[in-house]
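Please treat every number below as a calculation from the coordinates, not as lab data. These numbers come from a predicted model, not from an experiment. All Cβ positions, even for glycine, are placed from backbone atoms using ideal geometry, and neighbour counts span all protein chains on display.
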Amino acid sequence: MTVREGIKAFLDNMYLRSRSKRTIEEYQRSLSALDQEAEVGSVTQETIRGLLAAHVKGGHTGSGRAFLVAARSFFKYLQRQGEIKVSPAAVIPFPKMPERLPMVLTEKEAESIVEGPFSTPDREEKDVTKMVRERNNAILEFLYSTGLRASECSSLTVSDVDLTDMMVFVRGKAKIERLIPFGRPAKRKLLAYLDTRGYVFGEPDPGDRLFVSFTGKPISKRDIDNVMREAVSRAGIRGKVTPHTLRHSFATHLLERGADLRTIQTFLGHQSLKATTIYTHMNISSLKEQYTSHDPRRKDLPGNVIGG
């Protein structure tokens, strides 16, 4: 049996097992890297390793992993059908995905999102419109001042926020509860929002959700995503900037200003310190960039005269 014939039988079997059209197409695409006219029994571990290495060297680790997933399933199928005795892909390890550092805003960019977009009232602004504007201001400031996830922010109740001591009680992932301090800008914007909210809907009960829509209903994570999207657009910042970008920026800026990892871990609600160490990598990357740009041993930098 040739590889081409084997792949056809394998994909037909996937179709009979009601696998999705998209999955079948992805497997077909991945397996097209194999020599279609070769006998299935002639494909070796070296063959698979070579094809996998080509993906990785080309900077396509993700497609390399997809190829190995498809190859393992394909040769396991052939093994069950008695076409081969041993799968050449079974013991080959998956290549590690390169660590991707999250996007981080500069302090100036973060400030432009938090301070600018919703600060100017619209003409003939109605009370409910003013409330939504003040709410958006408070949400953006709160995200950047506390490092909250969007889901955590949307779930806050009125009683979770202590405006006197400027602390917020958060219920996070894995039921981790934490107290996070916030500053005067966040307090000022929260008070402005709560004042307009009280005027529109009346004073909220302690158990009511903190942030509500123009109809008075609790907002969702998606609503916060939309607020962020509009703020980024108004601020003129390019790239995919999400509420989580403000969270990453909050942590990175704290680290750059001297906060220790344990403190940042507590603020973010990470179960393990390991999850927080990514921000040290980001800080190191920044340091390397600064070093590369200002290294006195770099001959190609303006003003660097060697031996002068």
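Brief remarks follow.
- Convex hull volume per residue in cubic angstrom - Cα atoms of the stretch 78-228: 203
- For the stretch 1-73, the Kirkwood hydrodynamic radius from C-alpha pairs, put into Stokes-Einstein at 37 °C and a viscosity of 0.692 mPa s, yields a diffusion coefficient of 259 µm² per second.
- Each of SER73, SER154 was scored by other Cβ atoms within 10 Å of its Cβ. Arranged with the fewest first, they read SER73, SER154.
- Nonlocal amide H pairs with PHE211, under 5 Å, H built at 1.01 Å: ILE219
- Exposure proxy ranking, count of Cβ atoms within 10 Å, fewest first, for LYS189, LYS217: LYS217, LYS189
- Modelled FRET efficiency - R0 22 Å, LEU16 with GLN45, Cβ distances, 0.05 increments: 0.15
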